[in-house]
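The values are calculated or read from the model by the stated rules, or taken from the named source; none is laboratory data. Since we're looking at a predicted model, the values are computed, not measured. With ideal geometry, Cβ positions are generated from the backbone for all residues, glycine too; neighbour counts draw on all protein chains shown. Just so you know, the surface numbers come from the protein's heavy atoms only, side chains and all, with ligands and any DNA or RNA stripped out. Shrake-Rupley method; radii C 1.70, N 1.55, O 1.52, S 1.80 Å.
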Amino acid sequence: MLALALIAAAIWAGMLLFWHGFWRADQRLPEAVPGPAAQRHRVVAVIPARNEAACIGPVLEAHAATTYDGTFSVVLVDDNSTDATRAIAERAAKESARPITVVAGAPLPEGWSGKLWALAQGISAAPETDYLLLTDADIVHAQGTLSRLVALAESRGLALASLMARLETGRPGAGWSIGRLLVPAYVFFFQKLYPFPAINDPGASHAGAAGGCMLVRRDALEAIGGIAAMRDALIDDCTLAAALKGMRRGGERPERRPIWLGLARDEVISLRDTGALGTIWETVARTAFPQLRRSWLLLAGCTLGMGFVYLAPPIAAFGGALAGNAGTAAAGLLGWGLMALAFWPTLRLYDGRVWEASALPLAAVLYMAMTLDSARRDLMGKASPWKGRTYSAMNRRPKA
């Protein structure tokens, strides 16, 4: 047990020192005041919306209140909603000082995911523009976010500038909830899998994005074949980022262009209730196994690797203490402490408490269970429901 604890501690030390500084959670949208050149660029926000009646009103109000001085308009695609999404959006469009166009989505064709089909229709309906702001129907943007995104994209020549929205950890005033642990842990795991500093390094091969907020140069999107080139992707944001950066698999290799991904605090906020265990479980179970390319070998490696790295330190700490083995207990505490140290910057972004950093192994166990459930659903051919549609685990074909 001592040897295993020391190996786990060494792995955590290695990640802290050598894995692109992912754990610092320091890739943030600059506070730069955009100059006149940045403000002249035309931007169209494209919002796919399916059964978003609870969120779409405040979301459109926020877009209407943006302080961007250039040409900015919104195209919302009602993706065959069965609730009041379209009616609320049309009412907001009439009351808005910004141009808002509501498009009735066409039936979903074979071979497309619902979100990407809606995005494709919205882009087709968009006026001539320099940038497309691809954003979700539950994401509220602060007034100055768009200006800062455009300024960043222009200053660095980015094909894509993306922000990972701040997620809800629980209902306000409801006290502590499992979301206070699971949401920051989700953001931490995402950063470990897609290290933001490496993604933001034009010379590195890493690519990733957060689909809730993506500012994309329209000419760059067209150069990779547009949304149609990734029509069936369930993990569409990272697929788009890889294509734009030049890591697209198959076909002719596109010209590599820099991209950027950062963490938001107040710049973009999700209104979706992600603080409940059931909500998080369904989200992860829908995409985890596809993200592992439906490989049982990768699943086994991921499960064993996470189990060892996250569980060996606390097991060694407690086991060594109970057995009176001070060396094993110390090695376990060292690995556990390094783990908590890595988690703390992300946890602090979500106003977490110091003691919550030590609970990361519990979050890891729950996420491993969600991933295994994702594989179980795929094996049994069970559909993954999302916004009233089910996506076949076998062929990813969505059914309305």
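Looking only at region 75-87, how many residues end up being open to solvent by 30 Å² or more (accessible area, probe 1.4 Å) and touching a residue at least 60 places away in the same chain (Cβ under 8 Å)?
Residues that pass the stated criteria total 2.
Is it fair to say A209 is over 13 Å from the mean Cα position of the chain (by Cα), open to solvent by less than 50 Å² (accessible area, probe 1.4 Å) and of a type in the set (G, A, S)?
no
Starting from residues that are closer than 14 Å to D373 by Cα and basic (K, R), keep the ones in region 257-307 and report whichever is most open to solvent (accessible area, probe 1.4 Å).
Looking at the filtered set, the residue picked out is R294.
Got a number for residues in region 56-74 being without any contact (Cβ under 8 Å) to a residue 60 or more places away in the chain and not acidic (D, E)?
6
Going through E168, E154 one at a time, which residue ends up being surrounded by fewer than 23 Cβ atoms within 10 Å (Cβ to Cβ), of a type outside the set (S, T, N, Q) and farther than 22 Å from A359 by Cβ?
Testing whether each residue is surrounded by fewer than 23 Cβ atoms within 10 Å (Cβ to Cβ), of a type outside the set (S, T, N, Q) and farther than 22 Å from A359 by Cβ leaves just E154.
For A62, which of the numbered conditions (1) open to solvent by 30 Å² or more (accessible area, probe 1.4 Å); (2) of a type in the set (A, V, I, L, M, F, W, C); (3) within 17 Å of T145 (Cβ to Cβ) fails to hold?
Status for A62: all satisfied but (1).
Go through R253, R180, R248 for me and flag whichever is at pLDDT below 90, crowded, with 19+ Cβ neighbours inside 10 Å and not in a strand (DSSP E or B).
R248
Might you let me know whether region 374-385 holds any residue that is under 27 Å from I269 (Cα atoms), open to solvent by 50 Å² or more (accessible area, probe 1.4 Å), modelled with pLDDT of 90 or more and among the aliphatic types (A, V, I, L, M)?
There is no residue in region 374-385 that is under 27 Å from I269 (Cα atoms), open to solvent by 50 Å² or more (accessible area, probe 1.4 Å), modelled with pLDDT of 90 or more and among the aliphatic types (A, V, I, L, M).
Out of the residues in region 318-357 that are touching a Phe, Trp or Tyr at 6+ places or on another chain (Cβ under 7 Å) and open to solvent by 10 Å² or more (accessible area, probe 1.4 Å), which is nearest to A264 (Cα to Cα)? Don't jump to the end; show me each part of the working.
First, the residues of region 318-357 that are touching a Phe, Trp or Tyr at 6+ places or on another chain (Cβ under 7 Å): 335, 338-339, 342-343, 345-346, 357.
Next cut, open to solvent by 10 Å² or more (accessible area, probe 1.4 Å) only: 338, 345.
Details: L338: 25, P345: 13 Å.
Step by step, filter region 318-357, then rank; the result is P345.
Out of curiosity, is I7 at pLDDT 95 or above, crowded, with 19+ Cβ neighbours inside 10 Å and out of contact with any His (no Cβ under 6 Å at 6 or more places or on another chain)?
Spelling it out, it is not the case that I7 is at pLDDT 95 or above, crowded, with 19+ Cβ neighbours inside 10 Å and out of contact with any His (no Cβ under 6 Å at 6 or more places or on another chain).
From the list R28, R40, which residue is closer than 30 Å to P197 by Cβ and surrounded by fewer than 15 Cβ atoms within 10 Å (Cβ to Cβ)?
Details: R40 fails: closer than 30 Å to P197 by Cβ.
Criteria check complete, one pass: R28.
With the checklist (1) outside any loop (DSSP other than H, G, I, E, B); (2) open to solvent by less than 40 Å² (accessible area, probe 1.4 Å) in hand, flag the one item E90 doesn't pass.
E90 satisfies every listed condition except (2).
Before we move on, is A54 open to solvent by less than 20 Å² (accessible area, probe 1.4 Å), within 24 Å of D237 (Cβ to Cβ) and outside any helix (DSSP H, G or I)?
no
Which is in a strand (DSSP E or B) and of a type in the set (A, V, I, L, M), of V150, V140?
Of the residues listed, the single one that is in a strand (DSSP E or B) and of a type in the set (A, V, I, L, M) is V140.
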